[in-house]
Amino acid sequence: MSHTIYDIGVAKQIGSYSDAIEAAPNLRWLMTSGTPGFTDASKVPTDIAGQSELAWENVLRVLSKAAMTVGDIVKVTQYLTRAEDIKAYSQVRNRFLGTARPASMLLVIPQLVWPNLLVEVEIIAAKGS
């Protein structure tokens, strides 16, 4: 692994992520834009579980194109438009991340660029050449 995890005990009280991640020198970096949960044909499920599944599938597709995996994610930022969706979203997120524990930030915001979007995910990943 090209990352060092630093835990001070805060993250463990909240969820499955790390307090901080240090990436080794000389890595390739990948930073995604906000990745919503819709299909290539811009079809958007109406529920948070469906949108979360598609958002994470889209993130995995980007990682794959860069020859990376979820284990290379060092930071994930998630935007939800409804606080009541946190639990359902987190279940999907945790399934996709498995044992990976990137640094994490989750925000509840009033609206995303399309009013019917409930979630967007952006990541930063780093991997050796």
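The values are calculated or read from the model by the stated rules, or taken from the named source; none is laboratory data. None of the values given here were measured: they were computed from a predicted structure. Just so you know, the surface numbers come from the protein's heavy atoms only, side chains and all, with ligands and any DNA or RNA stripped out. Shrake-Rupley method; radii C 1.70, N 1.55, O 1.52, S 1.80 Å.
Carbon and sulfur: what percent of the chain's accessible surface (1.4 Å probe)? Before the final figure, lay out each step's value.
Numbers: 3990 of 7090 Å².
After summing per-atom areas, the C and S share lands at 56 percent.
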From the coordinates shown, P(r) over Cα pairs in 10 Å bins from 0, in percent corresponds to which of (i) 11, 40, 35, 13, 2; (ii) 13, 45, 33, 10, 0; (iii) 11, 35, 31, 18, 4, 0:
(ii)
Largest-first ranking of Ile73, Ile21, Ile14, Ile5 by accessible area, probe 1.4 Å, whole protein assembly kept, is Ile14, Ile5, Ile21, Ile73
How much accessible area per residue does the chain have, counting only protein heavy atoms and a probe of 1.4 Å, in square angstrom?
55
Exceeding 25 Å between C-alpha atoms, which entries from my cross-link table qualify? They are Lys43/Lys65; Lys12/Lys43; Lys87/Lys127; Lys43/Lys87.
Lys12/Lys43; Lys87/Lys127
